[in-house]
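Okay, structure first, notes after.
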Amino acid sequence: MASPITRRLDGNDPDYMFLEMLGYGVSGSVAKVRRVSDGKIMACKAIDCLTNPSFLELGSREIHTWASFSASEKYIAGFAHDVAWTERTQTLRLYMKLYEGGDLQKVITECRHQDLPIHPFMATYWAMEIARGLKACHDHGIIHRDLKPANVLLDVPYVYNRMLWGITDGRVLGDDVKTHGKAFLDWFKSPSRLPWCHISDFGFGKFTPAALFSEYYTKGSRGSVGTMGYMAPEVLGEVSARYGATPGVINDVVKNDPKFYGKSDVYSFGCLVYNLCTGRPPPPTATEWSTRILEIPDTYPELFREIISKCVDFNPENRPNNRDLSNGMADAFIEIQNYGLLSDLARVLQDLESDPGSDSTYINITDLRPEATNLEPTTNMGDPSERQKELDSALRRALAAGDCDMMTLAIELGADVNASAFESSVQDSWFASESTLNVEFPSFQPGVFETYKDILIRSRQLERVFPLLTAAVFNGQSECVELLISEGASLDHAENKIDALSVAACLGNIKMIDRLVLRWGFNINAKSVNPNYAWREDIPIVSASMVGRQEAVRRLLELGASVAVPSDDDEGNYPLHTVFGVDWSVLAHLVSLDDIEACAKMIYDAAPQVIQLRDGQGRTPLHWAVGRAHTVGPRFVKFLIDRGANPYTRDDNGCDAYHVTSVVRGRGSMVVADAYPKVKEWLDGYDCMIIDVRYIGTSQSVGGKSVQAQY
């Protein structure tokens with residue numbers, strides 16, 4: 001997204017009304033303001049460039065970097081794309097969403113003064129969200145270079161700490177639960193739960209390949225930038241003499257030029273989380289981590305502590321990458337949910353409803369727990385397979401609604417991103433009624449299901465593998481596709497599977513084709529089950545051609561799709577054979593023959609020799625066009641004859657185009673050219689002189705076969 005145009009002012013900004021100051025920093029201040037045009041309450045970050053002109057450079061860098069994020073990047077602070085410059089006071093103003101919870105450093109400081117660290121449940125949850133925000137930065141090619149608690153903004157105030165610790169310690173004040181308990185549970189269980197943490201302050205942010213590739217680094221034109229205690233050793237120019245050695249082991253630190261890696265941000269993340277968990281600032285130098293990391297309490301999952309230990313490793317290559325970090329934090333949060341906090345809170349709420357008189361007294365949690373319950377982490381109650389089914393069903397419903405937040409929640413709780421798009425609870429009678437159909441196909445938007453119902457039913461009947469990723473492409477949900485792939489949806493081309501790229505080609509979704517091929521590396525010539533013809537496998541260009549998707553065929557050819565890949569079955573058909581050999585009577589929906597012909601022409605123009613290629617039984621595309629002429633007429637016969645197809649070429653059984661037979665309903669088997677005079681007329685019009693002289697007497701090597709044109 002382009003950087004916003006800076007408005008130039010002579011004095012106060014007339015577009016906003018000042019309400020109150022929120023805080024001061026090294027480079028300026030932050031105020032609460034009201035936007036005049038719609039009354040929306042926002043925040044204004046004012047950067048004072050008069051006292052330090054270098055702040056203008058940092059402000060300009062922040063605008064350029066921050067503006068590159070789309071509004072859908074929910075773990076990045078919301079920039080309003082509105083900037084103003086006052087020449088008289090040399091003040092740069094950036095307008096943004098107001099975050100009522102303040103910054104994370106403020107929360108850490110408040111909890112430390114209360115001698116009550118942030119509860120591990122919330123600290124783990126916030127760490128997961130910050131890891132996702134960091135991944136979003138790196139996915140956009142940006143290294144942040146100043147990740148710390150003060151640069152993480154909270155959407156709402158954190159008021160639950162005393163209540164959560166009371167639940168954990170087994171003795172909670174009833175008033176705390178009455179005031180905050182239901183709100184907390186409602187927030188956590190909400191399918192549209194909004195993120196709490198948002199990364200902000202991109203003044204040191206930088207676009208660089210180092211954000212995308214772990215082996216790349218960038219040198220800072222300003223030297224070492226960041227905040228002491230959160231800066232990785234390589235940023236300070238410190239290098240271990242035995243780089244990449246055993247994790248946690250530091251040998252003879254030497255000085256070098258400062259370097260910034262994507263994993264330098266991961267180091268900062270580890271420092272931030274240490275501060276979050278302990279309430280203490282991280283050590284000023286990396287050499288002190290060998291003892292300090294042990295200070296993270298064992299109330300946190302072991303996996304969590306292991307990941308943070310790796311984050312602050314002296315050597316960058318021993319640290320996790322942003323994807324492993326994000327996934328690892330999600331796993332740790334899933335693990336801490338098994339500690340029983342939420343179920344204990346629900347029991348206290350139930351007890352308060354039955355005995356309102358206990359509001360202002362302490363409630364002993366152990367008195368409310370079942371006898372079999374203890375304080376150790378517990379596994380999921382009930383049948384694990386049933387739990388998995390519930391989570392997978394929730395993920396399907398969220399996909400149908402296009403609700404990425406709800407999808408993320410289901411995935412966090414253990415839903416399988418590679419689950420089938422079809423519900424498996426309905427048995428053999430699944431097709432008995434419309435209501436059953438709605439239950440069986442929960443992953444699809446209603447309009448999509450109605451349009452492609454026949455395709456989906458046929459795929460279900462034939463037991464084709466139809467993953468959620470493919471359903472997201474059917475729905476046209478690019479954000480859901482991105483989410484599923486980023487969370488580990490399989491990109492492999494498995495047997496019996498309807499592939500996402502074939503669906504995009506079949507639907508003619510050019511943007512989706514580009515995204516899958518160019519961004520995610522889908523194999524453009526890999527075969528998968530044809531969505532429209534579910535009992536055969538084809539390459540994407542065939543799937544597009546068979547339903548006349550001209551723009552898709554054109555784009556696939558531009559991206560390098562081959563028109564000379566034979567099928568793997570006994571037929572051994574090439575794309576043009578398949579297009580002209582379609583049994584139009586069994587396609588799931590009507591197609592335009594004009595569009596089919598246009599697609600065939602693009603295939604021919606890409607490689608004219610394809611009209612002479614032979615399939616596994618020696619047949620040319622003309623054999624197939626004649627064989628289907630009883631359903632579509634002679635137009636495709638004419639198309640091929642006009643381009644030099646030879647009607648006298650014989651297949652392995654000695655049959656030429658004049659003697660192709662076909663079974664016609666009500667008439668049995670017949671020789672097509674004899675039964676349909678127009679077909680014979682076009683075959684008779686064959687003229688060797690119209691054949692492109694480039695191919696006369698030449699041998700064409702296509703698809704590993706030597707093809708001799710016969711004239």
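When Gly101 is tested against (1) more than 26 Å from Leu342 (Cβ to Cβ); (2) touching a helix residue (DSSP H, G or I) at 6+ places or on another chain (Cβ under 8 Å); (3) not aromatic (Phe, Trp, Tyr), exactly one condition is not met: (1). The single condition among (1) at pLDDT 85 or above; (2) more than 36 Å from the chain's Cα centre (by Cα) that Asp570 does not satisfy is (1). For region 100-146, a residue qualifies if it is farther than 23 Å from Glu487 by Cβ and part of a loop (DSSP other than H, G, I, E, B), and the qualifying residues are Glu100, Gly101, Gly102, Gln114, Asp115, Leu116, Pro117, Ile118, His119, Arg145, Asp146. Checked against (1) more than 30 Å from Asn321 (Cβ to Cβ); (2) surrounded by 23 or more Cβ atoms within 10 Å (Cβ to Cβ), Trp66 meets all criteria but (1).
When region 145-199 is filtered for residues that are modelled with pLDDT under 85 and charged (D, E, K, R), the ones remaining, listed by number, are Asp169, Arg171, Asp175, Asp176, Lys178, Asp186, Lys189, Arg193. Might you check whether a residue that is modelled with pLDDT under 90, within 35 Å of the chain's Cα centre (by Cα) and either surrounded by 18 or more Cβ atoms within 10 Å (Cβ to Cβ) or of a type in the set (Asp, Glu) (or both) occurs anywhere in region 44-58? Yes, there is a match, as at least one residue in region 44-58 is modelled with pLDDT under 90, within 35 Å of the chain's Cα centre (by Cα) and either surrounded by 18 or more Cβ atoms within 10 Å (Cβ to Cβ) or of a type in the set (Asp, Glu) (or both). Being more than 20 Å from Leu194 (Cα to Cα) and crowded, with 22+ Cβ neighbours inside 10 Å holds for only one residue in Arg132, Arg88, Arg93, Arg61, and it is Arg93. Kindly check whether there is at least one residue in region 330-344 that is of a type in the set (D, E, K, R), within 20 Å of Asn161 (Cα to Cα), free of Cβ contacts under 8 Å to residues at least 40 places away in the same chain and out of contact with any strand residue (DSSP E or B) (no Cβ under 9 Å at 6 or more places or on another chain). Scanning region 330-344 turns up no residue that is of a type in the set (D, E, K, R), within 20 Å of Asn161 (Cα to Cα), free of Cβ contacts under 8 Å to residues at least 40 places away in the same chain and out of contact with any strand residue (DSSP E or B) (no Cβ under 9 Å at 6 or more places or on another chain).
Per this entry, Tyr24 is not counted among residues that are of a type in the set (Phe, Trp, Tyr) and either buried (at least 21 other Cβ atoms within 10 Å of the Cβ) or modelled with pLDDT of 90 or more (or both).
Could you run through region 64-78 and say how many residues are among the aromatic types (Phe, Trp, Tyr) and at pLDDT 90 or above? Lay out the reasoning, then the answer.
To start, the set of residues in region 64-78 that are among the aromatic types (Phe, Trp, Tyr) comprises 66, 69, 75.
The next check asks that each one be at pLDDT 90 or above; those that pass are 75.
Total satisfying the criteria: 1.
The set of residues in region 573-600 being at pLDDT 85 or above, in contact with a helix residue (DSSP H, G or I) (Cβ under 8 Å, 6 or more places away or on another chain) and among the charged types (D, E, K, R) consists of Asp595, Glu597. One residue is enough: does region 483-505 have a residue meeting the conditions at pLDDT 85 or above, over 27 Å from Leu409 (Cα atoms) and surrounded by 14 or more Cβ atoms within 10 Å (Cβ to Cβ)? Yes, region 483-505 contains a residue that is at pLDDT 85 or above, over 27 Å from Leu409 (Cα atoms) and surrounded by 14 or more Cβ atoms within 10 Å (Cβ to Cβ). In region 469-486, the residues that are within 10 Å of Ala504 (Cβ to Cβ) reach residues that are surrounded by fewer than 21 Cβ atoms within 10 Å (Cβ to Cβ) with C-beta atoms within less than 6 angstrom, at least six apart or across chains, in these pairs: Phe474/Val448. Considering Gly39, Gly23, the condition of being of a type in the set (Gly, Ala, Ser) and not in a loop (DSSP other than H, G, I, E, B) is satisfied by Gly23 alone.
Across region 437-479, which residue is surrounded by the most Cβ atoms within 10 Å (Cβ to Cβ) among those that are modelled with pLDDT of 80 or more and of a type in the set (Ser, Thr, Tyr)?
It comes out as Thr470.
Being without any contact (Cβ under 8 Å) to a residue 40 or more places away in the chain and either crowded, with 16+ Cβ neighbours inside 10 Å or in the same structural domain as Gly141 (by TED's automatic domain parsing) (or both) is a property that does not hold for Phe18.
I need a count of the residues in region 514-555 that are of a type in the set (A, V, I, L, M, F, W, C) and more than 19 Å from Phe580 (Cα to Cα).
At the first step, the residues of region 514-555 found to be of a type in the set (A, V, I, L, M, F, W, C) are 516-518, 520, 522, 524, 526, 529, 534-535, 539, 541-542, 544, 546-547, 552-553.
Next, only the ones that are more than 19 Å from Phe580 (Cα to Cα) stay: 516-518, 520, 522, 524, 526.
Result for region 514-555: 7.
Selection of first residues in region 48-77 that are farther than 16 Å from Thr89 by Cα and polar (S, T, N, Q) and of second residues that are assigned to a loop (DSSP other than H, G, I, E, B) and modelled with pLDDT of 80 or more, restricted to Cβ pairs under 6 Å at least 6 apart or on distinct chains, gives the following pairs, ordered by first then second residue: Thr65/Phe202; Ser68/His140.
The values are calculated or read from the model by the stated rules, or taken from the named source; none is laboratory data. Note that the coordinates shown come from a computational prediction; the quantities given were computed from them, not determined experimentally. With ideal geometry, Cβ positions are generated from the backbone for all residues, glycine too; neighbour counts draw on all protein chains shown.
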